[in-house]
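The next block holds one structure in the form of structure tokens; read it before the comments.
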Amino acid sequence: MIDVEEAKRFVLSELLALPSTGMTLVDALGCVASDEILAHEAVPGFANSSMDGFALRSADTATGQATLIVAGALLAGDAPSRYVEPRHAVRIMTGAPLPEGADCVCMIEQTVVDSDTGTVAISRSVPVGENVRYAGEDVKVGQTLVGAGDELDAIRLGVLAGQGFATVSAVSRPRVAVISTGNELVSSGGALRYGEIRDTNRPTLLGLLREAGCTPIDVGAVRDEYDVIRSTFERIAEECDAIISTGGVSVGDVDHVKGVITELGGTDARSMQVAVRPGKPFAFGRIGSRRVPAFGLPGNPVSTRVSYELFVRPALRMLGGHRAIERLSVDAVLDEALKRSSDGKLHVVHACARIHDDGRVHIESVVRPGSHLMSAVAGANALLMLPNSDGIARGETVRAIILSAEALARRDEAR
Ligand code: AMP
Ligand code: MG
């Protein structure tokens, strides 16, 4: 048996980010910028008003009391065609260009308009620059907007759109194929014959992949036949950036996946027994002409999930060029004692975690162990990492990988 860290090192060693490609801004959401991007336009491009009000000359309000002649209006989008003479004011809307002559904007709420005389009265002195957004205040030409390796979140995409960019060069989104193996698997919704089960790993993995910013490719389910599994792996390896299969890596008579991965992966592929529960059997190799990483996960649904989190997700994040390849993890307080056996393995347990009023993350409940108990795992938002021991007392802290940060702050009562 090898420990989790060694298995993980084996997977991650030599994995490189995929090549970059041009993509539309919206398609690039969550991808990693391949190059530094500099601003070539100032933002804002011209001085403009940050308020609905009146553009005027500060000096005209110096005494704290002014009645100015209203000389037209400027809407956002108008050209700044007017010149503001002394003792005049121009009605101006948010975003409209500051007209020449004016050096400040008095907000409408601080004015009294007299439409009969065409004047506006202001009973305060308005400083130069008040409510004016100057050219280049947000972005200056030449400034770095996005660094190479930065993740393109929605705000960064907005900043790029602010320069008129329609596309961006980013690390390709990994295309990840998912294959289920097992004679017992049924993918359709029809009635099951005795002995058959529904394929639940595939939709779960396809969902986890989308959540991790990958493009999932559904290869379907294949029967436990060595040649069929091998030809499927060979074919798919030419069309994707990584392959995940479930089932067939244990010691059963038809557990062929581990053999296929080690055959196609050559000398540096490995079929492993990892010191972790669940998720002990695991195969990894790089296959095909492009040496695509292929992960053979165990078939039990909870094992699949745990192996995915431990080994696959960090690897896929590396392919995507991310600097942060791990999920958030925290030290969390156990609200109930946790029994476990001392078996030399890391135990990985699904749990419900929540931030309490003491500001700490508490583990309010844990899902009972059982690598097939998928429905109990639904709703868990943390994975506890329990190193070898006889158990952990209430009030002790444990390392928790946070699967959903939003759920940490949920307001409902613990289940
Ligand atoms: P295996 O790793 O192939 O020995 O499978 C272990 C267990 O997981 C068996 O009970 C399988 O029926 C079950 N299993 C395998 N693949 C799937 C799948 N795609 N969806 C749900 N259960 C599965
Ligand atoms: Mg099987």
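Data for the structure
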| read-out | value |
| --- | --- |
| In Å, descending, principal axis extents of the Cα set of region 1-80 | 86, 29, 18 |
| Inter-centroid distance (Cα atoms) of region 6-24 relative to region 207-271, Å | 18 Å |
| Lysines with Cα under 25 Å of Lys345, excluding same-chain neighbours fewer than 8 positions away | Lys8, Lys258, Lys280 |
| At R0 = 25 Å, FRET efficiency that the Cβ-Cβ distance of Ala135 and Ser58 yields, to 0.05 | 0.85 |
| 1.4 Å probe accessible area per residue over the chain, in Å² | 48 Å² |
| Trypsin sites (Lys or Arg not before Pro) within region 1-101, DSSP loop, no more than 12 other Cβ atoms inside 10 Å | none |
| Directionally averaged shadow of region 57-155, computed from the convex hull of its alpha-carbon atoms, nm² | 8.4 nm² |
| Helical contribution to [θ] at 222 nm, DSSP H n ≥ 4, -39,500 (n - 2.57), averaged over the chain, rounded to 500 | -4500 deg cm²/dmol |
| For region 295-415, the Rg and Dmax computed from alpha carbons only, in angstrom | 14.5, 42 |
| Isotropic mean projected area of the C-alpha convex hull, region 205-261 (nm²) | 4.1 nm² |
| Within-12-Å neighbourhood charge of Ala237 [Cβ basis; K, R +1; D, E -1] | +2 |
| Relative contact order (%) - criterion: Cα under 8 Å, at least six apart; region: region 195-306 | 24 percent |
| Beta bridges per DSSP with both ends in the chain, % antiparallel, nearest 5 | 65 percent |
| Portion, in percent, of the accessible area of the chain that falls on carbon or sulfur, probe 1.4 Å | 52 percent |
| Cα-Cα P(r), region 277-339, percent of pairs per 10 Å interval | 19, 36, 33, 10, 3, 0 |
| Net charge, Val84 excluded, C-beta distance under 10 Å - Lys, Arg +1, Asp, Glu -1 | -1 |
| Protection proxy ranking of 391-400, 103-112 - average other beta-carbon atoms within 10 Å, highest first | 103-112, 391-400 |
| Computed Rg/Rh of region 137-259, alpha carbon atoms with Kirkwood Rh | 1.20 |
| Space enclosed by the convex hull of the alpha-carbon atoms of region 136-207, per residue, Å³ | 131 Å³ |
| Listed residues Thr119, Thr181, Thr262, most fluctuating in the chain (Gaussian network, C-alpha, under 10 Å) | Thr119 |
| Relative contact order of the chain, pairs being alpha-carbon contacts under 8 Å that are 6 or more residues apart, as % | 15 percent |
| Largest-first principal axis extents of the Cα set of the chain (Å) | 96, 52, 43 |
| Whole-number D in µm² s⁻¹ for region 99-174, Kirkwood Cα-pair radius fed into Stokes-Einstein, 4 °C, 1.567 mPa s | 77 µm²/s |
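The values are calculated or read from the model by the stated rules, or taken from the named source; none is laboratory data. Remember, it's a predicted structure, so these values are computed and weren't measured experimentally. Note that we place each Cβ from the backbone using ideal geometry, even for glycine, and neighbour counts take in every protein chain shown. For accessibility, only protein heavy atoms count, side chains too; no ligands or nucleic acids. Shrake-Rupley method; radii C 1.70, N 1.55, O 1.52, S 1.80 Å.
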